[in-house]
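Enquirer: Quick one: the structure is below, questions incoming.
The values are calculated or read from the model by the stated rules, or taken from the named source; none is laboratory data. If you're wondering where the values come from, they're calculated on a predicted model, not measured in any experiment. Backbone-built Cβ (ideal geometry, glycine too); neighbour counts: all protein chains shown.
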Amino acid sequence: MKTHAVVIIGSGFSGLGMAIALRRAGATDFVVLEKAGDVGGTWRDNTYPGCACDVQSHLYSFSFAPNPHWSRTYAPQPEILAYLRDCARHHGVLPHVHFHQEVRSARFDDTDDTWVITTADRSYRARVLVSGMGGLSTPAFPELDGLADFAGPQFHSQQWDHSVDLRGKRVAVIGTGASAIQFVPRIAPEVARLDLYQRTPPWIVPRDDRAIGPGRQALFRRLPVTQRLARSAIYWQLEARALGFAVDPRVLALGEQAARAHLARQVPDPELRRKLTPDYRLGCKRVLISSDYYPALGRPNVDVITEAITGVRGDAVVTADGRARAADVIILGTGFRAAAPIPAGTIFGSGGRDLADRWAGGPEAYKGTTVAGFPNLFLLVGPNCGLAHSSMVYMIESQIAYVMDALRVMRARRATRIDVRPDVEATYNRDLQARLGRAVWSAGGCRSWYLHDSGKNVALWPGFTWQFRRLLRRFDSDSFHLSPAARVFLAPAAPAVPTSRRWRRSSGPP
Ligand code: NAP
């Protein structure tokens, strides 16, 4: 079996970004394993009506691949998917992508410091493994009595069944998170009834989404500096949102005022307004942006049901007050298994240790990227790399620059194995959790997918994004055990990746 310098899992923003960085640095010996038949990750999988990014597209895109053609402030899903396909094609990474290769397992081989990656029908060997599997790719299904036996069609928002015609149907939607608030306004006008089952009302602020006209697009195309300025303006505007949790929680009160005013403006019915008013601090859960969700809930064919669901019986959803509401279709907007992103039995590190066992108390990593005992493995969008306020693409590019620098160090030192020191990883996470424990996500009076069952916040980066970038600007080899150079196949063993200077320069803030 051939040993590749790098194998990348996934071809969403992370996996593609990593592959493009390698190409731009001149590397050719790498493979991207993609489970589906197309690139795009979350932007390929989520096709529900109204799916769009809730971060402005001029920032939610690669810094090295500005797109002057974004049609709206917040681009819809098909446009983002088209952008990712374009990036893959333009940067020549498609020949490296092996489609329909869902990774079953990846095992570190201590005898020669390589990873052996197995899919349904093939095996790959690599000196370095980069996971771009993402944190929000495994849907979470509610454990509701009788749901499996529901009489009609049911599907999760991430697996939208476009063959089900919702027109004139009675539809039950469970969940009121970022996905549901995007599809509810789209389907509400066409269904006969929409029963929206809400467990916790989200905080919602207005969404200033505008078309970007041909004049402005032409300006961005002809004068790229104008687009860079627009991107910077968005970047700093979003960073200001982090003031509330990174500097002074009193700032959150201003956001709460704005969100309450938005609710009061859009929901005149006091009873509905009461149901939709959160009883926890703004920011504790992801703050949602929408200007069409509340008006959709005011429609005569829409009901917001706040009684807890006790189960599903035949064709009806039953709530704690004993009521059974008939439905033709159930749509689950119930989110993802974010606190257990990598299933047990998938990644085995040195000595055959399962990453899921290592993470029994909740996922954690050093700088969100490396895990002690799992040498030569880099996690993109790993533990505590998530954001509540800005673009994940910025975080991903920060991590990619770090990985590229690590590859450069491996090559320069002729190291076949790098493994973060357990003491360094432990100290990093102790400090991180101390910061997180005081923050609104733990202290704000809510329970969100950011928190593991243990109460530990395993999802979010607690500061400004530029702090994360600064932390990862250089591969800190002192924090790692680098294997001695005395290996049998010393010279060819380190990944053949040229210096990453060019990549790093092009991915500077913002
Ligand atoms: P989510 O935010 O986790 O929302 C899930 C919803 O389902 C919540 O309202 C939750 O209620 C409810 N729920 C879960 N289990 C339930 C049960 N057993 N019974 C009743 N209700 C239940 O999921 P999401 O809306 O799919 O969004 C997930 C994340 O994806 C977002 O936070 C965001 O990071 C990302 N996303 C991003 C965009 C974007 O535009 N960039 C769009 C969509 C999603 P509780 O609140 O009470 O738990």
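Enquirer: Mind listing whichever residues of the range 443-477 are more than 21 Å from Ile400 (Cβ to Cβ) and either more than 20 Å from the chain's Cα centre (by Cα) or surrounded by fewer than 18 Cβ atoms within 10 Å (Cβ to Cβ) (or both)?
Expert: The answer is Ala443, Gly444, Gly445, Cys446, Arg447, Asp453, Ser454, Gly455.
Enquirer: I'm trying to understand the selection: among the residues of the range 198-234, which are in contact with a helix residue (DSSP H, G or I) (Cβ under 7 Å, 6 or more places away or on another chain), closer than 22 Å to Ser390 by Cβ and among the hydrophobic types (A, V, I, L, M, F, W, C)?
Expert: Scanning the range 198-234 gives Trp203, Ile204, Val205, Phe220.
Enquirer: Continuing with the same structure: Of all residues in the range 268-286, which are surrounded by fewer than 11 Cβ atoms within 10 Å (Cβ to Cβ), away from the ligand (no atom under 16 Å from the Cβ) and touching a residue at least 24 places away in the same chain (Cβ under 8 Å)?
Expert: Pro268
Enquirer: Which condition number in (1) in a loop (DSSP other than H, G, I, E, B); (2) within 16 Å of the ligand (Cβ to nearest atom); (3) surrounded by 24 or more Cβ atoms within 10 Å (Cβ to Cβ) is the one that Ile331 fails?
Expert: The number of the failed condition is (1).
Enquirer: Determine whether the range 163-170 contains at least one residue that is within 15 Å of the ligand (Cβ to nearest atom) and hydrophobic (A, V, I, L, M, F, W, C).
Expert: No; the residues of the range 163-170 include none that is within 15 Å of the ligand (Cβ to nearest atom) and hydrophobic (A, V, I, L, M, F, W, C).
Enquirer: Sticking with this one: Restricting to the range 164-183, and then to whatever is more than 30 Å from Val205 (Cβ to Cβ) and of a type outside the set (Lys, Arg), can you tell me which residue is surrounded by the most Cβ atoms within 10 Å (Cβ to Cβ)?
Expert: Only one residue tops the list, namely Val164.
Enquirer: Quick check, is Leu59 aliphatic (A, V, I, L, M), under 23 Å from Val287 (Cβ atoms) and either part of a helix (DSSP H, G or I) or in contact (Cβ under 8 Å) with a residue 60 or more places away in the chain (or both)?
Expert: In short, yes.
Enquirer: Which residue out of Arg265, Arg260, Arg325, Arg250 is of a type in the set (D, E, K, R), modelled with pLDDT of 95 or more and either crowded, with 20+ Cβ neighbours inside 10 Å or in contact with a helix residue (DSSP H, G or I) (Cβ under 9 Å, 6 or more places away or on another chain) (or both)?
Expert: Arg265
Enquirer: With respect to Gln154, determine if the residue is surrounded by 15 or more Cβ atoms within 10 Å (Cβ to Cβ), on the phi < 0 side of the Ramachandran plot, in contact (Cβ under 8 Å) with a residue 60 or more places away in the chain and within 11 Å of the ligand (Cβ to nearest atom).
Expert: Considered against the rule, which asks whether it is surrounded by 15 or more Cβ atoms within 10 Å (Cβ to Cβ), on the phi < 0 side of the Ramachandran plot, in contact (Cβ under 8 Å) with a residue 60 or more places away in the chain and within 11 Å of the ligand (Cβ to nearest atom), Gln154 comes out as no.
Enquirer: Testing Arg299 on (1) within 16 Å of the ligand (Cβ to nearest atom); (2) part of a loop (DSSP other than H, G, I, E, B); (3) over 30 Å from Gln433 (Cβ atoms); (4) not hydrophobic (A, V, I, L, M, F, W, C), one condition comes back false. Which one is that?
Expert: Failed condition: (1).
Enquirer: Moving on. Go through the range 62-81 and report how many residues are within 14 Å of the ligand (Cβ to nearest atom), part of a loop (DSSP other than H, G, I, E, B) and out of contact with any Cys (no Cβ under 8 Å at 6 or more places or on another chain).
Expert: Here the count works out to 1.
Enquirer: Report yes if Leu144 is more than 30 Å from Ala415 (Cβ to Cβ) and either more than 13 Å from the ligand (Cβ to nearest atom) or loosely packed, with under 15 Cβ neighbours inside 10 Å (or both), otherwise no.
Expert: The answer is no for Leu144.
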